[in-house]
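What follows is a short report on a single structure.
The values are calculated or read from the model by the stated rules, or taken from the named source; none is laboratory data. All of these numbers come straight from a predicted model, not from anything done at the bench. Positions of Cβ are backbone-derived with ideal geometry, glycine not excepted, and every protein chain shown enters the neighbour counts. Heavy atoms of the whole protein, side chains included, go into the accessibility calculation; ligands, DNA and RNA do not. Shrake-Rupley method; radii C 1.70, N 1.55, O 1.52, S 1.80 Å.
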Amino acid sequence: MKVHYFKAEFPAGKSCRTIKNKPIRFGIIGSGTVVARQEWNYNNIEVCNDRGEFMIQWTAELARRMACSREERLTLIPLVRTFIEMSASFQEGGLPALSPQVAAIGEPLAIIGLDLYSEGIVGEAFQDIMSTYLSTSPESGFPFFKQCILIESLIGITEVEPPALLLRRLVAYFGAEDALELLESTISTPDWSRDRT
Amino acid sequence: MIRNLPGFVASSAGCQPVSRRKKTAIFEVAARLTLIAEKSRLGGPEVLRNSALLERRKQLKLGLDLCARGMRHESIDAAFRKPAFARSEDPGERLETLVIRAGIHALSEGDHPFLIFRKMTAFLGLEFYAKSNDWLAARITRRRKSRTEELIVPGDLPDVIRELAKDRILFERVIRTTGRDIMSASLAGCPRESLQLIKPVFGKVGGTILEDNMLFLKSRLSTEEIAAAQSTFLEIERTIHNQKQIQDASGPETSQAQTDSANIHYIRELTRIILDIEDRPLKIALSGTEARTLAAAMQGMEPAGHERILSSLGKRDEKRLLDALDNLDLLETPEIQRAATQVLARLSEASIKSGKQSSEIINRINSFAESVISKLT
């Protein structure tokens with residue numbers, strides 16, 4: 001299959017529904033550059049942030065594994081808000097503040113992730129190990145989607161990302177239709193303004 | 001996005017489940033590779049060469065041989081892509097190849113044996129996590145206590161660590177920000193007491209990795225290199241300490257949250273005004289505003305506001321503004337807002353003069369400017 005690479009700049013606050021006037025299935029909110037691979041009926045999409053790091057790198061297989069209904073996805077919005085709060089409490093109280101909150105969520109994969117982080121496994125090694133666990137997880141659909149959100153959050157929190165950046169990481173999973181609403185409704189998170197300025 | 005997730009998910013697609021019995025056998029292979037990695041840390045490539053000669057499993061034999069010859073990532077990948085490994089129909093064998101390849105990659109990168117083990121056993125899934133912990137705990141128990149002599153690089157670090165350890169939260173934050181690699185190199189020139197204070201932060205497994213790395217580096221780094229790592233640690237400690245002092249001085253969390261919330265509304269309202277105003281008064285106002293003032297005000301604006309302003313300027317003014325933005329440090333909120341009041345005053349004046357702006361916008365600009373000024377005074 002021939003693969004075409006192309007880039008498209010898009011402004012902040014606009015959902016990216018088309019690239020070069022062709023529709024795409026996934027969108028993202030926030031300023032950045034879309035690098036899309038025209039392959040698998042536009043299912044493979046890579047989105048970089050301003051620093052050139054991948055915010056989203058979507059493949060058809062990943063999209064298939066995560067596929068769940070909009071209603072299911074929206075049930076995780078309170079959890080996203082919890083993660084934003086957790087990131088603030090982690091910055092205040094470190095690992096001891098985070099551990100009970102992650103334990104309360106009751107997802108074994110997140111508990112293992114925190115365990116590995118507490119051992120000092122960070123950065124690429126941490127992400128690779130968590131990607132391996134996710135890819136070998138027997139889950140698919142909504143439970144898999146939830147696991148991805150949990151691990152994505154854990155990475156952002158432990159890397160002490162500003163809440164605004166963490167939020168942008170997470171809203172991207174919710175698709176263009178709901179991302180803007182989620183972003184706006186969570187905008188009053190502490191530290192949001194610091195990141196924006 | 002979680003690094004490598006799409007690739008890992010794609011490569012695991014369509015894989016048949018592997019029996020627990022086979023996974024247990026693969027676990028044993030991973031443990032064996034970890035033990036070889038431990039020995040090779042002391043004995044070097046010779047250990048890998050000898051282990052490769054004795055090894056029966058073809059993937060592990062190949063991997064060890066590649067590592068002994070100093071091959072890195074791409075060469076290892078290329079070797080494991082050979083049809084004999086890559087095209088196996090047996091799901092157990094495919095999984096074994098993935099596990100060994102991950103281990104060999106990590107070994108070639110010089111990872112600690114326990115980290116190599118963690119990377120490999122992740123392929124076996126969550127149900128093998130507890131077993132991995134048990135295996136690591138048993139390895140730690142069986143180890144002999146190191147009896148190497150202390151190497152003390154003169155400096156403040158041991159005193160700083162002792163003092164820092166009194167504040168557990170700050171202590172942990174500094175150590176985690178520093179990371180285990182710099183920490184290990186720094187500790188290579190510290191008394192044993194410093195290591196004993198830091199080890200518990202990383203738990204039993206992480207603490208052992210820290211100590212091993214410290215001992216490993218002690219014999220490999222020069223005094224200058226250790227001193228450089230120590231000054232990096234001290235720099236990080238100073239930065240975090242100063243940040244904490246600033247946070248403590250700025251009052252309780254609630255007032256910070258209130259300030260942040262107020263800032264959010266400020267940024268949104270200013271951006272909306274910039275977006276809502278007509279082209280002509282905007283252009284007039286911008287042309288009469290100094291580039292530095294405009295750049296300072298733009299630090300308190302959403303990117304959409306930046307785009308509107310930049311697109312309203314001519315080429316020369318745009319370049320001037322972009323230069324001003326580049327040259328400007330991150331300002332404190334009052335300074336940003338003072339610059340914004342000047343821009344708002346110009347906008348209000350230009351809107352009135354142009355006669356093309358609705359009174360509603362003019363009123364919004366004026367009342368917003370008043371509210372900003374009242375907070376500044």
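Overview of results
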item	result
Area projected by the alpha carbon convex hull of the range B:172-252, averaged over all directions, nm²	5.6
Shielding of B:112-124 by partner chains, average beta-carbon count, 10 Å	4
Distance between modelled label sites at B:Ser75 and B:Thr24, nm, 7 Å Cα→Cβ extension	3.8
Mean separation of Cα contacts under 8 Å, 6 or more apart, over the residue count of the range B:257-376: relative contact order %	35
Loop-located GluC sites (Glu not before Pro) in the range B:126-223 whose Cβ has at most 15 other Cβ within 10 Å (DSSP)	B:Glu149, B:Glu150
Chain B, relative contact order in percent, only Cα pairs under 8 angstrom and at least six apart counted	10
Subset of A:Lys146/B:Lys61; B:Lys166/B:Lys218; B:Lys119/B:Lys244 violating a 32 Å alpha-carbon distance limit	A:Lys146/B:Lys61; B:Lys119/B:Lys244
Normalised contact order of the range B:113-237, rounded percent, pairs of Cα under 8 Å and 6 or more residues apart	29
Cα centroid separation - the range B:330-377 against the range B:268-314, whole Å	11
Debye log10 I(q)/I(0) at q = 0.21 Å⁻¹ for the range B:91-187, Cα point scatterers	-1.15
Helix axis angle, B:223-249 relative to chain B longest principal axis, alpha carbon, degrees	40
Number of partner chain Cβ atoms within 10 Å, mean per residue of B:207-215	1
Threshold 20 Å², the range B:172-186 residues less accessible with all protein chains present than alone (1.4 Å probe)	B:Glu172, B:Arg173, B:Arg176, B:Arg180
Protein accessible area in the range B:158-204, 1.4 Å probe - carbon and sulfur %	56
Rounded accessible area per residue of chain B, 1.4 Å, Å²	52
Total accessible surface hidden between A and B, rounded to 100 Å², 1.4 Å probe	4400
FRET efficiency estimate (nearest 0.05) - Cβ-Cβ, A:Thr75 to B:Leu376, R0 41 angstrom	0.40
Simple spin-label estimate for B:Glu235 and B:Glu360 in nanometres, 7 Å along Cα-Cβ	5.4
Net charge contributed by nearby residues that have their C-beta within less than 11 Å of B:Met71 (K/R +1, D/E -1)	-1
Distance between the range A:157-176 and the range A:77-110 - C-alpha centres, whole angstrom	14
